[in-house]
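The values are calculated or read from the model by the stated rules, or taken from the named source; none is laboratory data. All figures in this text were calculated on a predicted structure; none of them were measured in a lab. Quick reminder, even Gly has a Cβ in these numbers, built from the backbone with ideal geometry, and neighbours come from all protein chains shown. Note: areas computed on protein heavy atoms with side chains; ligands, DNA, RNA excluded. Shrake-Rupley method; radii C 1.70, N 1.55, O 1.52, S 1.80 Å.
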Amino acid sequence: MINGNTYDKDIRKWIEKAKATRNMALTNFAYGIEKDWEAVQAAIDIPFSNGLLEGTVNKIKALKRQMYNRAGSKLLRAKILYSQ
């Protein structure tokens, strides 16, 4: 759907079908996509991603949770720098 050149029409058709179903989760998802259409359009059109940043933040948070109340900030900093 996204890789073709008619994705705009295809997604809009899918949204209309999803809104007509009895599945409330799917219906709400379709309304959410429709409500935030500009963000969806940008996500499809723009080739950039923040996946690398999110992965790094996730790693740091996991280390922070692991070290909670065990050591000071110096050891946490050293462990974060060592992990990268």
- Among what's in region 41-68 and is farther than 19 Å from Tyr82 by Cα and among the hydrophobic types (A, V, I, L, M, F, W, C), pick the residue that is surrounded by the most Cβ atoms within 10 Å (Cβ to Cβ). Ile44
- Query: When you look at Leu53, is it modelled with pLDDT under 90 and not aromatic (Phe, Trp, Tyr), yes or no?
  - Reply: yes
- Message: Filter region 69-84 down to the residues that are out of contact with any helix residue (DSSP H, G or I) (no Cβ under 9 Å at 6 or more places or on another chain), open to solvent by 90 Å² or more (accessible area, probe 1.4 Å) and not in a loop (DSSP other than H, G, I, E, B) and list them by number.
- Response: Ser73, Lys74, Arg77, Leu81, Tyr82
- Query: Could you list, in sequence order, the residues of region 17-40 that are open to solvent by less than 100 Å² (accessible area, probe 1.4 Å), outside any loop (DSSP other than H, G, I, E, B) and without any contact (Cβ under 8 Å) to a residue 24 or more places away in the chain?
  - Reply: Ala18, Lys19, Ala25, Leu26, Thr27, Asn28, Ala30, Gly32, Ile33, Glu34, Trp37, Ala39
